[in-house]
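To start, the structure under review is shown below, and the notes come after it.
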Amino acid sequence: MNCPFCHHTESKVIDSRDSAEGEIIRRRRECEKCGERFTTYERLEQVYPAVIKKDARRENFDPKKILEGVRKACEKRPVPIATLEDLVHKASVWVQEQETEEIESKKIGLKVMELLHDLDEVAYVRFASVYRSFEDLGEFMKELKDLLGKQKSG
Ligand SMILES: [Zn+2]
């Protein structure tokens, strides 16, 4: 990011904040050469890994599918839709942070379960019980145990 005053290429970030949606980051910068301050707006790239389904097919990551799933799990529960949208956002950010080209759908499901667990116990159990991406029940129980163990310790 070149300084708009002297076109020097190096600047340091003195303040940084997310927009309401968390997709645009506003950065206050100071030129390392002339010391002038300027503001940059950076849009986070929405690049998601491909999702590996249970039958090994790949599909594009779609946050709407997560929203559908958690809405179903939260039916008649006192959870506002804005809270669910926030959960979907968190899950989407997490998927991006994995920095991988492909991710198994069950890993995403586990992350969603973890987030739901913090939100509403009933919704969590519902989501877990309809969750079909696991190879078998044994694997599911193991993951669940690991997940709960992790939450207790951390
Ligand atoms: Zn400058």
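Computed from the Cβ-Cβ distance with R0 of 25 Å, the FRET efficiency linking F5 to Q96 stands at 0.15. You can think of it this way: the chain between S16 and E30 has 3.8 nm of extra reach, that is 0.36 nm per residue less the Cα-Cα gap. Fewest neighbouring Cβ atoms within 10 Å first, the residues T83, T9 line up as T9, T83.
In the structure shown, do any of K76/K106; K54/K107; K53/K76; K64/K107; K64/K90; K53/K90 have a Cα-Cα gap over 23 Å, and if so which? Exceeds cut-off: K76/K106; K53/K76.
Every read-out reported here was derived from the displayed coordinates using simple, explicitly stated rules and does not represent laboratory data. Here the structure is a predicted model, which means the values were calculated and not measured. So basically every Cβ, Gly included, is an ideal-geometry build from the backbone, and we count neighbours across all protein chains shown.
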